[in-house]
1. For region 148-180, enumerate the residues that are in a loop (DSSP other than H, G, I, E, B) and surrounded by fewer than 20 Cβ atoms within 10 Å (Cβ to Cβ).
2. Across region 64-114, what is the total count of residues that are of a type outside the set (Gly, Ala, Ser), modelled with pLDDT under 95 and assigned to a loop (DSSP other than H, G, I, E, B)?
3. Search region 27-78 for residues being among the acidic types (Asp, Glu) and under 17 Å from the mean Cα position of the chain (by Cα), and hand back the single one that is nearest to residue 127 (Cα to Cα).
4. With respect to residue 13, determine if the residue is on the phi > 0 side of the Ramachandran plot, within 14 Å of the chain's Cα centre (by Cα) and part of a loop (DSSP other than H, G, I, E, B).
5. Could you please let me know if residue 129 is of a type outside the set (Asp, Glu), assigned to a helix (DSSP H, G or I) and either open to solvent by 10 Å² or more (accessible area, probe 1.4 Å) or farther than 14 Å from residue 83 by Cβ (or both)?
6. Kindly indicate the residue of region 181-201 that is open to solvent by less than 40 Å² (accessible area, probe 1.4 Å) and assigned to a loop (DSSP other than H, G, I, E, B) and also nearest to residue 6 (Cα to Cα) among those meeting that condition.
Amino acid sequence: MSGRTIVHLLRHGEVHNPEGILYGRLPGYRLSERGRAMADLAAAHLAGRDVTVLASSPMERAQETAAPLVAQFGVPLRIDDRLIEAKNAFEGQRFSAAKLAAPAMWPRLFNPWRPSWGEPYVQIAGRMRAVVEAARVAARGHEAVLVSHQLPIEILRRFVEGERLWHDPRNRRCQLASVTSLEYDGDNLQSVVYAEPAWSLYPGATEVPGA
């Protein structure tokens with residue numbers, strides 16, 4: 001069946017986290033003031049689009065990022081657990097390279113390709129593929145927005161673009177409030193487009209990013 005459908009994957013905005021905790025799936029972590037401004041910029045970036053499906057991770061920060069989209073499009077927000085952040089054994093701790101070098105941490109770090117410290121990459125790819133496919137079918141001929149988190153979006157992008165799933169976290173192409181758009185012709189993925197509508201609010205931002 002022909003027809004253009006777009007599924008936008010939106011990462012949440014900045015979180016209020018002055019203690020620098022790796023919060024993962026912990027409850028209570030909400031957007032900062034700048035994070036709410038990022039959500040507004042992401043909504044402005046998607047204004048005028050033909051959005052008929054809107055879904056979010058159950059985490060507070062994702063639902064808050066989706067709120068301007070609900071107001072803008074008048075589409076009810078559906079909560080989908082498949083969009084949740086990846087599970088991580090270091091959740092609730094302050095993250096640092098020095099801490100990871102401690103021998104007590106080594107049993108969690110023996111296999112970076114799986115990875116051994118959290119939800120397997122292939123499992124993340126599977127659940128993200130499933131929720132994207134469901135959104136594509138539900139929004140056929142229109143557009144969908146799915147609000148999720150950095151690692152799930154990065155893994156999904158890597159999967160659909162044929163890249164290896166294990167990677168250096170410093171090289172992820174998924175900044176705060178970024179939009180990764182999967183464009184389909186019928187059932188076939190035609191392109192992946194990346195945008196950073198909140199780039200002006202990133203620390204040290206001085207110019208429009210090239211990507």
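The values are calculated or read from the model by the stated rules, or taken from the named source; none is laboratory data. Keep in mind that what you see is a predicted model, and the values were worked out from it rather than measured. No Cβ is skipped: glycine too gets one built from the backbone with ideal geometry, and neighbour counts run over all protein chains shown. Keep in mind that these areas ignore ligands, DNA and RNA; they rest on the heavy atoms of the full protein, side chains included. Shrake-Rupley method; radii C 1.70, N 1.55, O 1.52, S 1.80 Å.
1. 161, 162, 163, 164, 165, 166, 167, 168, 172, 173, 175
2. 10
3. Going residue by residue through region 27-78, those that are among the acidic types (Asp, Glu) are 33, 40, 50, 60, 64.
Subset that is under 17 Å from the mean Cα position of the chain (by Cα): 40, 60, 64.
Numbers: 40: 27, 60: 20, 64: 22 Å.
Selected residue: 60.
4. On the way: on the phi > 0 side of the Ramachandran plot: no; within 14 Å of the chain's Cα centre (by Cα): yes; part of a loop (DSSP other than H, G, I, E, B): yes.
Judged against the criteria, residue 13 is not a match.
5. yes
6. For region 181-201, the residue satisfying everything is 186.
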